[in-house]
Amino acid sequence: MRKKLLLLLSLGWIFNYAHRMAIPPLIPIIKTELGINNAQAGLLMTSLLLPYALIQVPAGYLGDKLGRKKLVVISILGYSLASALIIFAREYWELLSIRALYGIFAGLYYAPATALISDIYKERKGSALGVFMVGPPIGSGIAPLIVVPIALALEWRYAFLVLSAMSAIIGITLLLSIKGELHEVEHAKLRIPKHVIRLSIMNFISMLAFFGMLTFLPDFFVNRGRSLEEASLYFSILSIVGIAGSLVGGTIYDRLKKKSLILSLGFNAFLSFLLAKTAMPIIMPILGLFFYSVGPIVTAYTAEQATNENKGSVMGFVNMMGFFGATLGPYLLGVLIDTLGYGEAFYFIPLMYMVALIIIGTQKKRISHT
């Protein structure tokens, strides 16, 4: 039963990312159609990531209080319906509004799902969360493979109808095949320990760098003379290789604990610097291994900073702070690109990873065993 649950939760997380990351490979088309600049294009990510971030702590607490599986199902069906509404968007502000609605429903997913997995798998939470966290690389990887052909053959808005149908099937399957709640919390608490603050700040900065790069990576390569198809391929390579990065990251966490996070941040700083300097596509598969390893490591590390009663709230708080960074990242990088150009702006990414490394590297070890 727990393997089926992990599979369905992972699929729901994959399409949670596929919907949100369907925008970056379409940015060149959307900019041309709507007549917007890079900063406004960045806001298409910010518009979903801000409500996504704000809903994290309530989602974690409500999952603990009302039932984690129940909230996950509501999230999947809700974000599927919301994303499908893009078919009606004709103005820039309409697209922003629909993305914000999607962000609310998508934001109900992470905290209850990761808290449920960490409780069910306990001592092997790193490995299990590594499987779950293949969602970002797979979701980001399949997004351009689905949306770009549809956009070129038909019209880009239809791509979101296809994604919505696929994700809705997963939500219905989870509702019907997994009966009841597999883990219940008797006394849910909305409490955030002080020692989680430094971890949250580190997550803010690393997610700022992560989503800034993901949003403009295809356009970065287009700016360097590659075609949209080539740029989308490089974007997919980063994400596809990131599947292995996510699995390895979770497994290594079970062995190295905090050291695995320090190593991952360090390699991301170095490799993103090389990408900004050279724009060589060969860097993408190497970067993918480390780029997506951060997620499962941070998730497993966060789970060990909480008790059973406040795990959902802690998971939600750390993720909320991370997605405040994710909210700022695309817009900030878009402004830097408009001001400085792609070459100079992309050096901002390795700098942020170095700052995150320093912050978490100086945190005193404090782990709760639950």
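The values are calculated or read from the model by the stated rules, or taken from the named source; none is laboratory data. Keep in mind that what you see is a predicted model, and the values were worked out from it rather than measured. Backbone-built Cβ (ideal geometry, glycine too); neighbour counts: all protein chains shown. Ligands, DNA and RNA are stripped out before the accessible areas are found, and what is left, the full protein with its side chains, is counted by its heavy atoms. Shrake-Rupley method; radii C 1.70, N 1.55, O 1.52, S 1.80 Å.
Scanning segment 215-231 for residues that are open to solvent by 10 Å² or more (accessible area, probe 1.4 Å) and either under 18 Å from the mean Cα position of the chain (by Cα) or on the phi > 0 side of the Ramachandran plot (or both) turns up just one, 225. If you go through segment 178-193 one residue at a time, do you hit one that is assigned to a helix (DSSP H, G or I) and either open to solvent by less than 10 Å² (accessible area, probe 1.4 Å) or not hydrophobic (A, V, I, L, M, F, W, C) (or both)? No, every residue in segment 178-193 fails to be assigned to a helix (DSSP H, G or I) and either open to solvent by less than 10 Å² (accessible area, probe 1.4 Å) or not hydrophobic (A, V, I, L, M, F, W, C) (or both).
Every condition in (1) open to solvent by 20 Å² or more (accessible area, probe 1.4 Å); (2) modelled with pLDDT under 85; (3) charged (D, E, K, R) holds for residue 70 except the one numbered (2). Among the residues of segment 285-322 satisfying the criterion of being under 17 Å from the mean Cα position of the chain (by Cα) and open to solvent by 30 Å² or more (accessible area, probe 1.4 Å), which is farthest from residue 354 (Cα to Cα)? Looking at the filtered set, the residue picked out is 317.
The one condition from (1) within 22 Å of residue 31 (Cβ to Cβ); (2) modelled with pLDDT of 85 or more that residue 228 does not meet is (2). When each of 75, 83, 118 is tested for being of a type in the set (S, T, N, Q) and under 20 Å from residue 298 (Cβ atoms), the lone residue that passes is 118.
For the criterion of being in the same structural domain as residue 169 (by the TED database), surrounded by 22 or more Cβ atoms within 10 Å (Cβ to Cβ) and under 16 Å from the mean Cα position of the chain (by Cα), residue 75 passes. In segment 1-24, the residue that is farthest from residue 75 (Cα to Cα) out of those that are at pLDDT 85 or above and not hydrophobic (A, V, I, L, M, F, W, C) is 4. When each of 53, 22, 59, 82 is tested for being among the aliphatic types (A, V, I, L, M), open to solvent by less than 30 Å² (accessible area, probe 1.4 Å) and part of a loop (DSSP other than H, G, I, E, B), the lone residue that passes is 22. Of the residues making up segment 270-281, not a single one is buried (at least 22 other Cβ atoms within 10 Å of the Cβ), part of a helix (DSSP H, G or I), touching a residue at least 60 places away in the same chain (Cβ under 8 Å) and in contact with a Gly (Cβ under 7 Å, 6 or more places away or on another chain).
This table checks each residue for (1) under 15 Å from residue 335 (Cα atoms); (2) in the same structural domain as residue 351 (by the TED database); (3) basic (Lys, Arg).
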site: 200; (1), (2), (3): no, yes, no
site: 205; (1), (2), (3): no, yes, no
site: 208; (1), (2), (3): yes, yes, no
site: 212; (1), (2), (3): yes, yes, no
site: 215; (1), (2), (3): yes, yes, no
site: 218; (1), (2), (3): no, yes, no
site: 221; (1), (2), (3): no, yes, no
site: 226; (1), (2), (3): no, yes, yes
site: 232; (1), (2), (3): no, yes, no
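Small (Gly, Ala, Ser) and at pLDDT 80 or above, is that true of residue 188? When the stated conditions are applied, residue 188 does not pass them. Selection of first residues in segment 324-343 that are of a type in the set (Val, Ile, Thr) and of second residues that are in a helix (DSSP H, G or I) and open to solvent by 40 Å² or more (accessible area, probe 1.4 Å), restricted to Cβ pairs under 6 Å at least 6 apart or on distinct chains, gives the following pairs, ordered by first then second residue: 327/50. Name the single residue, out of those in segment 338-370 being surrounded by 19 or more Cβ atoms within 10 Å (Cβ to Cβ), modelled with pLDDT of 90 or more and within 18 Å of residue 222 (Cα to Cα), that is farthest from the chain's Cα centre (by Cα). Out of the qualifying residues, it is 345.
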